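The structure under discussion appears below in the form of structure tokens.
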Amino acid sequence: MLNISNQRVNEELLTKYPLKTLHALPQSDGGRKLGRWMLFFLIVGVLIMFLPWQQNINGEGTLTALTPQDRPQTIQNAIAGRIERWAVKDGDYVKKGDTLLVISDIKDEYFDPNLPLRLDEQLAAKQGSLQATNAKIKALDGQITALQTGITVKLEAARNKVRQSEYKLSADEADLAAIQKNYQIALDRLSRYEKGYTNGLFSLTDLETRRLKVQEDNAKVISQENKVNVSRQELVNAKLELGTLRADFQEKLAKAQSDRSSAVSYLADINGEISKLQNKMTSVDVRRGLYIVRAPQAGYVVRPSKAGIGETIKEGEPIATLQPANPQLAVELYVRAMDVPLIQRGRTVRLQFDGWPAIQFSGWPSVSVGTFGGRVAVIDAVSSVGGKYRLLVQPIQEKGDQPWPTQLRVGSGVYGWVMLDDVPVWYELWRQLNGFPPSLKEEPKEEKGAKK
């Protein structure tokens with residue numbers, strides 16, 4: 001009762017109506033027991049606060065492959081074409097080199113089914129032109145050699161003729177000088193005979209003989225002068241002929257060299273056209289090999305992006321996705337930017353895969369159930385979408401750990417904890433309440449094999 005009034009009715013009520021059941025109950029010490037239990041839990045809680053707690057950084061991600069060649073890849077066709085036949089269906093397992101798709105060409109320049117034969121014929125024609133041009137160049141080389149040999153002989157003959165003309169001119173001039181001397185002597189004798197005839201020393205017959213002799217010598221002088229003039233003209237003609245031979249030789253040689261240069265230029269053009277034809281023939285052979293799209297490696301065909309027969313596809317267009325068989329699995333784990341400086345390669349990671357139930361005590365990994373072990377292999381140098389950094393975690397087996405399940409598939413979800421250093425439980429609670437990042441007691445050790 002509240003005992004508000006001064007009147008007491010407890011005793012009267014208890015006397016008139018005794019509580020037999022209440023008196024029959026044993027005396028309870030529940031309050032003491034409750035206090036003891038609370039004291040026990042308090043002591044246990046305080047002890048727990050000083051237990052070691054392994055700090056960790058959690059993150060979410062997906063399963064992927066450790067190497068790029070093991071990740072899902074898009075199969076693309078190298079040339080534009082039309083789908084003729086599919087050799088696989090969604091989910092089929094293919095080996096490297098197996099046929100996935102058969103296409104046909106849609107470019108009109110490759111429609112001819114006998115295109116390789118036509119290209120062979122063009123190549124044979126060009127090779128015939130090549131041989132003819134080589135023969136022409138050889139003939140021109142022989143012509144140039146013959147010109148050089150012939151002009152040497154002709155020039156030497158012309159020079160000899162010039163020298164002969166010079167010698168003849170010199171002889172004729174010497175003869176002219178002698179004849180002129182004789183003519184002068186004849187004139188002097190005629191003068192003496194005329195004086196002697198006047199004085200009566202010589203007869204008229206002797207005088208007329210001397211006059212006749214002077215006329216003969218004069219005729220010889222005129223004749224010899226004509227010979228000298230002819231010799232001079234012959235020397236001039238010989239020199240002109242020598243110059244003409246040189247000019248003709250230069251003209252013929254220049255023409256032959258020009259023809260040879262044109263042939264060499266045409267030869268270079270033919271070689272270029274032959275190279276283009278050979279390149280085109282090789283390209284046609286390679287292109288025809290691309291009509292069959294083959295698997296680049298063993299794996300499973302997933303989600304063909306093109307369907308039906310007769311559908312046109314462009315070059316470089318995705319036609320299907322290939323998941324390589326037996327990839328080396330890894331986990332893409334995304335963590336906050338503030339936690340990245342505390343993570344180093346080689347840190348242990350505990351992983352929980354979607355579809356595998358687990359109980360994880362992040363601070364006490366030794367008592368966790370259903371999680372799998374991993375180790376940080378790669379830390380991205382740049383952030384991903386959302387400002388988080390990606391970690392690549394590869395599988396490891398600690399003592400008592402099970403290997404990663406063989407049923408795992410690339411792309412399934414993963415939840416992970418990167419394990420750090422040990423701290424007391426009270427410190428971890430204080431850190432969580434204040435929102436502080438995990439602490440790092442030791443500096444990261446230099447990786448083995450890393451460059452200093």
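The values are calculated or read from the model by the stated rules, or taken from the named source; none is laboratory data. Remember, predicted model here, so these are calculated numbers, not experimental data. FYI the Cβ positions are ideal-geometry reconstructions off the backbone, even for glycines, and counts take in every protein chain you see.
Is it fair to say residue 238 is at pLDDT below 85 and either of a type outside the set (Phe, Trp, Tyr) or assigned to a helix (DSSP H, G or I) (or both)?
Here the answer is yes, as residue 238 does meet what is asked.
Any idea which residue in the stretch 163-208 is modelled with the lowest pLDDT, counting only those that are surrounded by 14 or more Cβ atoms within 10 Å (Cβ to Cβ), among the hydroxyl-bearing types (Ser, Thr, Tyr) and under 23 Å from residue 225 (Cβ atoms)?
183
Which of the residues belonging to the stretch 55-84 are among the hydrophobic types (A, V, I, L, M, F, W, C) and in a strand (DSSP E or B)?
Result: 57, 63, 65, 75, 83.
Specify which of the listed residues (423, 385, 349) is modelled with pLDDT of 85 or more, of a type in the set (A, V, I, L, M) and outside any helix (DSSP H, G or I).
349
Answer yes or no: is there a residue in the stretch 267-277 that is closer than 30 Å to residue 152 by Cβ and surrounded by 12 or more Cβ atoms within 10 Å (Cβ to Cβ).
Scanning the stretch 267-277, I find at least one residue that is closer than 30 Å to residue 152 by Cβ and surrounded by 12 or more Cβ atoms within 10 Å (Cβ to Cβ), so the answer is yes.
Go through the residues of the stretch 101-123 one by one and say whether even a single one is among the β-branched types (Val, Ile, Thr), within 30 Å of residue 238 (Cα to Cα) and out of contact with any helix residue (DSSP H, G or I) (no Cβ under 9 Å at 6 or more places or on another chain).
Looking through the stretch 101-123, none of the residues is among the β-branched types (Val, Ile, Thr), within 30 Å of residue 238 (Cα to Cα) and out of contact with any helix residue (DSSP H, G or I) (no Cβ under 9 Å at 6 or more places or on another chain).
Name, by its number, the condition in (1) more than 27 Å from residue 293 (Cβ to Cβ); (2) at pLDDT 85 or above; (3) surrounded by 13 or more Cβ atoms within 10 Å (Cβ to Cβ) that does not hold for residue 53.
All conditions pass for residue 53, except number (2).
Run down 212, 169 and say which single residue is part of a helix (DSSP H, G or I), under 30 Å from residue 156 (Cα atoms) and more than 60 Å from the chain's Cα centre (by Cα).
Answer to the check: 169.
Being assigned by TED's automatic domain parsing to the domain that holds residue 132 and within 30 Å of residue 137 (Cβ to Cβ) is the requirement here; does residue 232 meet it?
For residue 232, the condition - assigned by TED's automatic domain parsing to the domain that holds residue 132 and within 30 Å of residue 137 (Cβ to Cβ) - is not met.
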